[in-house]
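Heads up: the structure comes next, in structure tokens.
Bear in mind these aren't lab numbers, they're just calculated from the coordinates by the rules spelled out. These figures come from a predicted structure and were not determined experimentally. We place every Cβ from the backbone using ideal geometry, glycine too, and count neighbours over all the protein chains shown.
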């Protein structure tokens, strides 16, 4: 990919954990108030129109903004992140049907199935050797029928970069992302781009479901 990411997936997980501990501790998780990312849950519900009985899971939930949004709409909303966030307790107090888990996506035991698995910028930070295992878990969490909606970086001039904390930022092309999803049995049925004002490129919001 033309970037120097930690080659050992196990060690890379530690790099991710350390990076998010730093960001959450310093309150430098700028994506928490990112205007484009905050709009995605309402777009998802507008597209899918899931019933009030639905269950949602947010992978890489961060401060839990999307979990709180879905908990206001659905019977339950769960969030998982490698590092706990200080805002989780307040959200749980406001939304008793919201739950948070501090865990690795690949190492946690899930109460499947979920009707919606949402991934607002988590997949594109994963180690490339874990892409298939990660997506296989997504299909498992959806019980082979649930929707998977993910946002990923999109910039035709970039393939990948590694930030100062060692996190991989993968800029998938449409074809590459669809190929990864298809290999796990996920079929894309809708997609849109959202302009990132601060960066001058895009988020890609992809809707998929088991074929």
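Tabulated results
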quantity: Gaussian network model of the chain, springs between alpha carbon atoms under 10 Å - residue of 127, 169, 199 with greatest fluctuation; calculated: 199
quantity: Sorted by Cβ neighbour density within 10 Å, fewest at the top, the residues 61, 122, 102; calculated: 102, 122, 61
quantity: More than 24 angstrom apart: percent of Cα pairs within the range 9-210; calculated: 36
quantity: Most mobile listed residue (136, 193, 176) in the chain, GNM with C-alpha springs under 10 Å; calculated: 176
quantity: Ranked list, fewest to most other Cβ atoms within 10 Å of each Cβ, for 152, 53; calculated: 53, 152
quantity: Per-selection Kirkwood Rh - the range 133-184 (Cα, Å, 1 d.p.); calculated: 12.6
quantity: Computed helical MRE - 222 nm, the chain, DSSP H runs ≥ 4 contributing -39500 (n - 2.57), nearest 500; calculated: -10000 deg cm²/dmol
quantity: Most mobile of 98, 86, 71 in a GNM of the chain (Cα contacts under 10 Å); calculated: 86
quantity: Footprinting exposure proxy for 117, 83, 67 (fewest neighbouring C-beta atoms within 10 Å first); calculated: 83, 117, 67
quantity: Antiparallel bridge percentage (DSSP; both residues within the range 9-210; nearest 5); calculated: 50
quantity: The range 97-136 and the range 29-73: distance between their alpha carbon centers, rounded to Å; calculated: 15
